[in-house]
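The values are calculated or read from the model by the stated rules, or taken from the named source; none is laboratory data. Every value quoted in this text rests on a predicted model; they were computed, and no experiment measured them. Glycine also receives a Cβ, built like all others from the backbone with ideal geometry; neighbour counts cover every protein chain displayed. Side chains included, ligands, DNA and RNA excluded: accessible areas come from the protein's heavy atoms. Shrake-Rupley method; radii C 1.70, N 1.55, O 1.52, S 1.80 Å.
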Amino acid sequence: MSLISQNVRTKNEVIKSKREVEDDVENNDSLKVRKRKKEIEGEQLPVEQVKEMKKLESFLFGSLYSPVEFGKEDEEVELGKSVEKVSDLFFTDRSADSALSVYQKEDANLSEGSRGHDDERALQRKPVWVDDEEENATVNIAKVFRLRKLRKGENEDLISGSEYVSRLRAQHVKLNPGTEWARADSKMDRGSDDEWTDDENEVVVSRGFEDLDSVLKTNEDLVVKSGAKLLPGHLQYSRLVDANIQDPSNGPINSVQFHQNAQLFLAAGLDRKLRFFQIDGKRNTKIQSIFLEDCPIRKASFLPDGSQVIVSGRRKFFYSFDLVKARVDKIGPLVGREEKSLEDFEVSPDSQLIAFIGNEGYILLVSTKTKQLVGTLKMNGTIRSLAFAENGQQLLSGGGDGHVYHWDLRTRTCMHKGVDEACLSSTALCTSPSGTHFAAGSDSGIVNIYNREEFLGGKKKPIKAIENLTTRVDFMRFNHDSQILAVCSGMKKSSLKLIHIPSYTVFSNWPPSNRSLYYPRCIDFSPGGGFMAVGNASGKVLLYKLHHYQHA
């Protein structure tokens, strides 16, 4: 037997080995299939958990958080149908104009006509119950005094019961107008002036709140009390500690004024001292005093920007006190002028000019930066009073001829000249901070209040003539919101009146009946309106708290 024949395997052995090989292959395939199945099951497990979570969310919250998506598998469609059934148990408040959900968009596309009919039926709802006796009943609206306002004609007296009900409803709507956002048809008018629409989100925002970021950029009060408007009749106030209690003046007080920060306060008079106080209504601490040896002070005033104080007297010169550098500068006499007194002046609201009263009807314009004369204005007769308007672009002047002049300071020309009614000689002028009104006082004690635009337009009659003072008007001042006008005369005791501007009436409980103001000479209100200071001839500065205003 050859070597080849010895190694040849028998037929049974060959078949057996083939079977073993096939079994091994099958075993390997089964292992791979099992591993693959395990991997598939592992991947399907989180997917099923996610589906279960979505199903649970849809069951709890409805379709609002899990809207139906079209084009998915049949199982997802069946899940959406079950969610629809569950979401019918809930309802969504769609009163606001927020973004439309999928269901709302579908309804809008499929049933616009039906929705229009529903809106018409909602707006034309019939009453649930009607009283038949209303048609038969009659009401005499002329006999009862409080029902006469329901008449449409003077001779109308008897009306039916249903007409009576409809007129009562109309009167109620007239007296109690509803808010726009609460009306059922308020969504129809998107182009009104009181609101604007965000096209992307369909959100309606009230006018005045377009820039919502501005709320976070200010420290102003977000909630304002309903009593924003001052009521006439009685003024609520209380007396506080005198503003200069720590250092009273030895002579009459001629000037009092609050700084723009509402705490710093100046008082000046004929004792040649300029005093500064910190006003808190309790202690009113003295900060500093400056003695001017050669100048009895007739007037002192802060610049509106709060950087300097201008002080003048019956002298050819005036003083400037720099609050930042704490330095006093003596300025004058003015070049080219021969005035012996610069005692009366006004400072422009933009802190650019100082207008001094000169001789023979001249107004001297001095720059606050260079302290040099930059221009002059000339009016007929003598000049006795000045007042700035339009943020320093215009100047009002009055004097011995009984006229009120309006000057344009940009062109240095007189733009208007009008007669102050019943005035022989003007002694005081004052403009409101809003610029709509100005008041003119005369030597007879009459104060005329004018609308400035109407006066410039040619109307000569004042809105109101205040005749409560019987002596010469020496000083006038509006408060910060132009609701109070204070007028005083230094020739009579307690001759100080507070006028309610919206009604043009005098407060009946001022001045105080149980306390004398002595001879008042000057007045000022704090920037927030909470304090009022009155300087008198006895050297005291009386301080009052006005309760209507919350801030000093």
Pair list, Cβ < 9 Å and 6+ apart or interchain, from the stretch 366-395 residues that are more than 25 Å from Pro433 (Cα to Cα) and in contact (Cβ under 8 Å) with a residue 12 or more places away in the chain to residues that are assigned to a strand (DSSP E or B) and acidic (Asp, Glu): Lys371/Asp329
Which of the residues that make up the stretch 480-501 are part of a loop (DSSP other than H, G, I, E, B) and hydrophobic (A, V, I, L, M, F, W, C)? Met491, Ile501
Answer yes or no as to whether Arg477 is charged (D, E, K, R), surrounded by 15 or more Cβ atoms within 10 Å (Cβ to Cβ) and not in a loop (DSSP other than H, G, I, E, B). yes
Log entry, pairs with first residue in the stretch 537-549 being free of Cβ contacts under 8 Å to residues at least 24 places away in the same chain, second being among the basic types (Lys, Arg) and buried (at least 19 other Cβ atoms within 10 Å of the Cβ), beta carbons closer than 6 Å, six or more apart or on different chains, reads none
Search the stretch 505-520 for residues being closer than 23 Å to Thr436 by Cβ and touching a Leu at 6+ places or on another chain (Cβ under 9 Å), and hand back the single one that is most open to solvent (accessible area, probe 1.4 Å). Val506
State all residues of the stretch 407-428 that are among the charged types (D, E, K, R), in a strand (DSSP E or B) and under 34 Å from the mean Cα position of the chain (by Cα); if no residue qualifies, say none. Asp408
Here's a check for you: in the stretch 406-428, which residue that is under 17 Å from Glu453 (Cβ atoms) and buried (at least 22 other Cβ atoms within 10 Å of the Cβ) is modelled with the lowest pLDDT? Asp420
(1) among the basic types (Lys, Arg); (2) in contact with a strand residue (DSSP E or B) (Cβ under 7 Å, 6 or more places away or on another chain); (3) over 16 Å from Asp344 (Cα atoms) all hold for Arg384 apart from (3)
Out of (1) more than 19 Å from Asp344 (Cα to Cα); (2) open to solvent by less than 20 Å² (accessible area, probe 1.4 Å), the odd one out for His437 is which? (2)
State yes or no: is Ile279 closer than 20 Å to Leu546 by Cβ, in contact (Cβ under 8 Å) with a residue 40 or more places away in the chain, open to solvent by less than 20 Å² (accessible area, probe 1.4 Å) and of a type in the set (Val, Ile, Thr)? yes
Given (1) surrounded by 18 or more Cβ atoms within 10 Å (Cβ to Cβ); (2) more than 29 Å from the chain's Cα centre (by Cα); (3) within 22 Å of Thr285 (Cα to Cα), where does Leu496 come up short, assuming only one miss? (3)
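So in the stretch 141-153, with the set limited to residues that are in contact with a helix residue (DSSP H, G or I) (Cβ under 8 Å, 6 or more places away or on another chain) and not in a helix (DSSP H, G or I), which one is least open to solvent (accessible area, probe 1.4 Å)?
Ile141
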Kindly state which strands (runs of 3 or more DSSP E) lie completely within the stretch 154-262 and contain at least 3 residues that are surrounded by 15 or more Cβ atoms within 10 Å (Cβ to Cβ) and at pLDDT 90 or above. 253-258
With the requirement that a residue be more than 15 Å from Lys464 (Cα to Cα) and among the aromatic types (Phe, Trp, Tyr), what does the stretch 481-506 give you? none
Subset of the stretch 462-479 (residues that are farther than 14 Å from Ala428 by Cα and within 30 Å of the chain's Cα centre (by Cα)): Pro462, Ile463, Lys464, Asn479
Tell me, yes or no, whether the stretch 290-302 has at least one residue that is under 34 Å from the mean Cα position of the chain (by Cα), modelled with pLDDT of 95 or more and more than 30 Å from Gly381 (Cβ to Cβ). yes
